[in-house]
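Written below as structure tokens is the structure these notes are about.
The values are calculated or read from the model by the stated rules, or taken from the named source; none is laboratory data. Remember, it's a predicted structure, so these values are computed and weren't measured experimentally. Here the Cβ positions follow ideal geometry from the backbone for every residue, glycine too, while neighbour counts run over all protein chains shown.
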Amino acid sequence: MDALYRFFVQFELYIYLTLAIGAIFSARSLWKVWVEWRTSVFGLEKELSFQKVRIYGSLFILLMMIGLTLFCLVTFVVPFLPSTTFRMTPTANLLQTPAATLSAQDLTAQIGSPVATVFAGSPGCIAEQVFISSPLPGSNVKGKIILTGTVNVPSFGFFKYEYASIGSDNWTTIAAKDQIVKNGDLGAWDTSQMTPGDYQLRLLVTDNLGKALPPCILQIHVLAP
């Protein structure tokens with residue numbers, strides 16, 4: 001099943017294209033046999049035309065359902081699956097730079113640009129690649145806030161943002177997305193039900209091969225609502 005998920009994510013566009021071609025073909029054929037059925041006079045001829053209507057109609061509906069199922073799976077299910085679902089190697093401690101993943105320096109070297117400025121928070125916070133611009137490290141937050149920043153890396157898969165108490169490895173996922181963001185809205189976080197105190201907030205990006213990049217982690221303080 002894990003291999004199937006990876007296949008859907010990697011070849012999503014090609015599958016959509018194949019389904020679209022099939023849907024166009026079946027819709028065109030359905031229209032022709034529909035006209036043929038409506039204009040038929042004799043009973044046998046009308047019955048044969050109606051059988052074709054059912055065949056091409058069923059094919060069209062089937063292709064549309066497959067496309068809708070794939071869209072729901074990739075958009076609403078895959079981003080919320082554990083990152084181990086996509087991982088080809090044993091799970092590493094995401095609070096450290098995994099040996100099997102790209103370091104901040106390797107990542108910038110891969111895209112052929114100079115080493116980017118590393119912002120406060122952790123080595124995984126890299127300008128124009130993986131970076132939280134708001135809230136800032138050490139800032140106070142309360143109620144519902146909007147996280148802004150950038151997720152723009154080669155072979156992008158999906159990202160999620162999580163929080164944990166200071167000194168804890170028990171991360172709680174807030175939300176996830178499978179779209180690249182450039183200096184924009186990463187998502188919302190409602191802190192109104194949280195116990196006031198110091199927390200870690202991290203942005204974790206996974207590429208389309210299931211490799212988790214070094215997370216961007218910063219410390220913030222949650223105030224009482």
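Quick notes on this one:
- Of all residues in region 164-180 being part of a loop (DSSP other than H, G, I, E, B) and within 10 Å of the chain's Cα centre (by Cα), the one that is surrounded by the fewest Cβ atoms within 10 Å (Cβ to Cβ): Q179
- Residue ID - nearest to S139 (Cα to Cα), chosen from residues in region 157-197 that are touching an Asp or Glu at 6+ places or on another chain (Cβ under 7 Å) and among the aliphatic types (A, V, I, L, M): I166
- Take the conditions (1) in a strand (DSSP E or B); (2) at pLDDT below 90; (3) not polar (S, T, N, Q); A188 misses just one of them, which is (2).
- Within region 122-142, residues that are without any contact (Cβ under 8 Å) to a residue 24 or more places away in the chain and part of a loop (DSSP other than H, G, I, E, B) have Cβ atoms under 7 Å from residues that are surrounded by 15 or more Cβ atoms within 10 Å (Cβ to Cβ) and of a type in the set (A, V, I, L, M, F, W, C) in these pairs: A127/A116; A127/F119, counting only partners at least 6 apart in sequence or on another chain.
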